[in-house]
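Have a look at the structure below, then the notes.
The numbers here are math on the coordinates, done by the rules we state, and not lab data. Bear in mind that the values here come from a model prediction, so they are computed numbers and not experimental data. We place every Cβ from the backbone using ideal geometry, glycine too, and count neighbours over all the protein chains shown.
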Amino acid sequence: MRYLFFILLMTVTFSVGGCTMLSPANHEQAEEKQFILHPIGKVVREYGKTMIVLDEKYQPGLSGLEKRSHVMVVYWFDKNDTPEKRAILKVHPQGRMENPLTGVFATHSPVRPNLIAISKCKIIAIRANVIEIEEIDAFDDSPVLDLKSG
């Protein structure tokens, strides 16, 4: 039930900007805090190019990024989001069975309790609210949560 509530929150809030923390009314009975993440854009792959397309209202936040060679992209592995995949805590790194089982926090595995991903990407060009990047380990339309100077 908790997972369904989280998915509903993610679905409802993907079109709004910012980040909000939900606090339960009764802190003593609260089992855990929940956070609502609001994507600022998405990964777009078309015509052989990979781009981060931000909501236009975030374009002013790109000022100065053109002086950088890389950007850290924080995004959500939304296409891997199932209760079963969130429960996996050990994996064979790089999907190779010959690699010993290793905790997900010691790997780059896309399956983990929170499907937050971070990739350092080479900037090719910035035009308006679009950052063309060399590559990213994300699917087309993956929600972008934040950008950090790389």
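Numbers for the structure displayed
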read-out: Local electrostatic count at V44 - Lys and Arg +1, Asp and Glu -1, tallied over other residues with Cβ under 11 Å; value: -1
read-out: Taking F77, F35 and counting other C-beta atoms within 10 Å, the order from fewest to most; value: F35, F77
read-out: Whole-Hz ³J(HN,Hα) from phi, Karplus 6.51 cos²θ - 1.76 cosθ + 1.60, for the stretch 52-69, glycine and proline x; value: 9, 9, 8, 4, 4, 5, 9, 3, x, x, 7, 4, x, 5, 5, 7, 9, 8
read-out: Interatomic Cα distance distribution for the stretch 61-109, bins of 10 angstrom, percent; value: 20, 35, 22, 19, 3
read-out: Listed residue pairs exceeding 26 Å between alpha carbons, taken from K33/K120; K33/K57; K57/K120; K42/K122; value: K33/K120; K33/K57
read-out: Ranking of S109, S119, S149 by count of other Cβ atoms within 10 Å, fewest first; value: S149, S119, S109
read-out: Residue-by-residue Karplus 3J(HN,Hα) for the stretch 37-43, coefficients 6.51, -1.76, 1.60, Hz, glycine and proline x; value: 9, 10, x, 9, x, 8, 7
read-out: Neighbourhood charge, 15 Å Cβ-Cβ cut-off, centred on K79 and excluding it, Lys, Arg +1 and Asp, Glu -1; value: -1
read-out: Estimated vicinal HN-Hα couplings, Hz - the stretch 110-126 in sequence order (Karplus 6.51, -1.76, 1.60; Gly, Pro = x); value: x, 9, 6, x, 10, 8, 8, 10, 9, 10, 8, 10, 6, 7, 8, 7, 10
read-out: Y47, Y75, Y58 arranged by Cβ crowding within 10 Å, fewest neighbours leading; value: Y47, Y58, Y75
read-out: Counting all C-alpha pairs of the stretch 47-150, share separated by more than 16 Å (%); value: 61 percent
